[in-house]
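A short write-up of the structure that comes next.
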Amino acid sequence: MVPVSLDVYASDEQEVEPIALERWSELARSALRAEGVVRDAEVSLLFVDEGAIASLNERFLGKSGPTDVLSFPIEDEIDRGGRSPDGGGAGPASQEIGGDRLLLLGDVVICPAVVARNALDHQVSFADELALIVVHGILHLLGMDHDVDEDARKMEQREQHLLDRFHRSRP
């Protein structure tokens, strides 16, 4: 059996909170495996400042101000312009790379400054809140959403399962 390559490219483009890129990349890879991604796939985790995420939030969702996370799935639908976060489209695209099919899932953009504020509001550690946000973003790339109460309940249950398995169980 050929090993599956789950490439998570992480980049820290902010200076507010120190980010352990490999730790969060590994959490993303673990969540992808647990969610059944069984072929070569690529995801980007981008940690940005409030200005950058506020700009993306305005441009793609029409909402002002910063948010904690935006997911930008790469869609199969040709008629959609650009990449749209949480668009609820057909799902991930794939691309031919040297004769192999590479599943291009998309980008998860996270604002650690907002995550830090949310952690204080929720009375949890920064690491616990960031873990939730990483998993949340990955589940969005895989097609889960929370616009409808039942979908939100299923997504939250899945998040908690993945966090119990791959984050809270860390030594």
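Here, each number is a calculation from the coordinates, and none is a lab measurement. Everything quoted here is computed from the prediction, not taken from an experiment. Backbone-built Cβ (ideal geometry, glycine too); neighbour counts: all protein chains shown.
Using a Förster distance of 41 Å, how high is the FRET efficiency between Y9 and Q123, based on the Cβ-Cβ distance and rounded to 0.05? Approximately 0.80, to the nearest 0.05. Sorting I110, I133 from the fewest to the most surrounding beta carbons within 10 angstrom yields I133, I110. Taking a ≥ b ≥ c as the square roots of the eigenvalues of the Cα gyration tensor, the stretch 1-76 is oblate, since a/c reaches 1.5 or more and a/b is not larger than b/c.
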